[in-house]
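A quick write-up on the structure given underneath.
The values are calculated or read from the model by the stated rules, or taken from the named source; none is laboratory data. Values in this document were obtained by computation on a predicted structure and should not be read as measured data. As a convention, Cβ positions derive from the backbone with ideal geometry for all residues, glycine included, and neighbour counts pool all protein chains shown.
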Amino acid sequence: MPIESIKHDILIIGSGLAGLRAAVEIKRKYGDKLDVGVVSKVHLMRSHSIAAEGGTAAVLYPEEGDSLALHAWDTIKGSDFLADQDAVWTFVKLMP
Ligand SMILES: Cc1cc2nc3c(=O)[nH]c(=O)nc-3n(C[C@H](O)[C@H](O)[C@H](O)COP(=O)(O)OP(=O)(O)OC[C@H]3O[C@@H](n4cnc5c(N)ncnc54)[C@H](O)[C@@H]3O)c2cc1C
């Protein structure tokens with residue numbers, strides 16, 4: 001029996017927000033020049049991204065005591081210290 005193989009220029013592993021956002025950005029930048037495939041271990045509607053419902057934090061009022069450092073600390077603690085700290089810092093700076 002022949003084995004069917006599917007070819008893509010870029011393969012994204014994971015269909016949560018990160019994976020889908022990457023796919024959208026690649027298509028936005030390169031259009032039909034690149035073919036993108038998304039692979040997921042679970043059904044699209046079962047990723048953690050579907051479960052999030054509280055919105056996303058951002059430092060909007062630093063004059064009231066909030067700070068990028070506090071947001072970074074909260075994010076890293078929330079990741080059980082597994083988050084890439086440089087990525088977190090970029091993230092909290094971009095969020096506002
Ligand atoms: C109940 C709940 C509530 C939440 N509420 C909020 C909230 O209110 N605000 C907020 O900011 N964040 C919230 N979060 C956190 C937020 O959902 C996650 O930080 C975010 O969705 C992570 O996105 P992601 O794309 O990195 O990962 P995920 O959405 O987890 O996607 C990971 C993808 O990778 C795939 N995958 C994993 N391993 C493999 C493998 N070996 N092979 C192929 N595919 C694989 C999975 O199938 C999935 O498609 C919540 C999380 C949960 C669980």
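Identify, please: which residue in region 55-70 is farther than 20 Å from SER15 by Cα and under 17 Å from the mean Cα position of the chain (by Cα) and is, among those, nearest to the ligand (Cβ to nearest atom)? By that ranking, first place goes to ALA57.
Identify all residues within region 76-96 that are within 14 Å of the chain's Cα centre (by Cα), polar (S, T, N, Q) and in a helix (DSSP H, G or I); write none if there are none. Even if it seems obvious, please write down each step before you answer.
Step one: of region 76-96, the residues within 14 Å of the chain's Cα centre (by Cα) are 79, 83-84, 87-88, 90-92, 94-95.
Pick out the ones that are also polar (S, T, N, Q) and you get 79, 90.
The one that is within 14 Å of the chain's Cα centre (by Cα), polar (S, T, N, Q) and in a helix (DSSP H, G or I): THR90.
Among the residues in region 44-58, are any basic (Lys, Arg), modelled with pLDDT of 90 or more and out of contact with any Gly (no Cβ under 7 Å at 6 or more places or on another chain)?
Taking region 44-58 as the starting set, the residues that turn out to be basic (Lys, Arg) are 46.
With modelled with pLDDT of 90 or more added as a condition, the list becomes none.
No, the conditions are met nowhere in region 44-58.
Filter region 18-46 down to the residues that are acidic (Asp, Glu) and without any contact (Cβ under 8 Å) to a residue 24 or more places away in the chain, then identify the one that is nearest to the ligand (Cβ to nearest atom). Applying the filter and picking the extreme gives GLU25.
Given the residues SER15, SER49, which is the only one that is near the ligand (Cβ under 9 Å from one of its atoms), under 25 Å from MET95 (Cβ atoms) and not in a loop (DSSP other than H, G, I, E, B)? Break it down stepwise before answering.
Working: SER15 fails: not in a loop (DSSP other than H, G, I, E, B).
SER49 is the lone residue from the list that is near the ligand (Cβ under 9 Å from one of its atoms), under 25 Å from MET95 (Cβ atoms) and not in a loop (DSSP other than H, G, I, E, B).
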